[in-house]
1. Springs between alpha-carbon pairs under 10 angstrom, Gaussian network model over the chain: which of ILE37, ILE77, ILE131 fluctuates most?
2. Taking the inverse of the average 1/r across all pairs of different Cα atoms in the chain, what Kirkwood radius in Å do you get?
3. Under 10 Å, Cα contacts only: if you run a Gaussian network model on the chain, which one of VAL124, VAL97, VAL88 comes out with the highest mean-square fluctuation?
4. Roughly how tilted is helix 19-31, in degrees to the nearest 10 and between 0 and 90, from the longest Cα axis of the chain?
5. Among PRO55, PRO112, PRO84, determine the one that fluctuates most according to a GNM of the chain built with springs between C-alpha atoms less than 10 Å apart.
6. 222 nm [θ] for the chain, helices only, -39500 (n - 2.57) per DSSP H run of 4+, per residue, to 500?
7. Which trypsin sites (Lys or Arg not before Pro) does region 1-98 hold that lie in a coil by DSSP with at most 15 other beta carbons within 10 Å?
8. Please label the shape of region 1-87 as rounded, prolate or oblate, based on the square roots a ≥ b ≥ c of the eigenvalues of the alpha-carbon gyration tensor (a/c under 1.5 means rounded; beyond that, a/b larger than b/c means prolate, else oblate).
Amino acid sequence: MDSDPISREPRALIVEDESLIAEELRERLSRLGFSVIAAVDSAEEGIAIATSERPDLVLMDIRLKGEKDGVQAAKEIRQQVDVPIVYVTAYSDQLTVDRAKESDHDGYILKPFHASELQSTIDVAMQRHAIRARQETTTGGDPGAVPTSTNK
């Protein structure tokens with residue numbers, strides 16, 4: 001494993017049941033400097049890989065093959081791994097949006113999307129994650145705590 005975490009490419013996991021879209025996401029992520037560790041088509045596979053490989057980003061479709069959907073997968077992943085999760089979906093109906101809002105995610109992008117939309121959504125998701133990680137460090141993991149400064 002690379003001992004210099006600053007210089008390594010960020011690693012992404014794609015959970016998408018449409019192979020053409022998964023391949024397009026893989027290519028776009030590569031252009032954005034990500035190394036794609038896997039592209040899988042079920043929630044179960046996504047959960048297994050995310051928890052074992054701990055990627056830096058997860059792109060998650062909501063409708064997937066198998067028993068679970070992407071919202072359920074995102075919830076299970078975030079219970080075990082602190083990773084930014086961006087939903088990439090064709091669904092914007094109120095029920096789907098409400099379910100997504102109940103999960104701890106960092107972005108929501110509708111298909112079809114432009115490269116610039118994907119990039120800006122990923123940038124915001126990565127920034128939100130970095131802010132959340134800093135807050136957890138300064139508050140000891142208590143989301144209700146007020147950060148304290150040791151600077152005098």
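We did not get these values from a lab; they are worked out from the coordinates using the rules stated. All values reported here derive from a predicted model rather than from experimental measurement. Cβ placement follows ideal geometry from the backbone for every residue including glycine, while neighbour counts extend to all protein chains displayed.
1. Of ILE37, ILE77, ILE131, the most mobile in the Gaussian network model is ILE131.
2. On the way: mean 1/r = 0.0622 Å⁻¹.
About 16.1 Å, per the Kirkwood formula over Cα pairs.
3. VAL97
4. 40
5. In this elastic network of the chain, the residue with the biggest mean-square fluctuation among PRO55, PRO112, PRO84 is PRO112.
6. -14500 deg cm²/dmol
7. Listed in order of number, the matching sites are ARG8, ARG63.
8. Details: a/c = 2.30, a/b = 1.32, b/c = 1.74.
Verdict is oblate for region 1-87.
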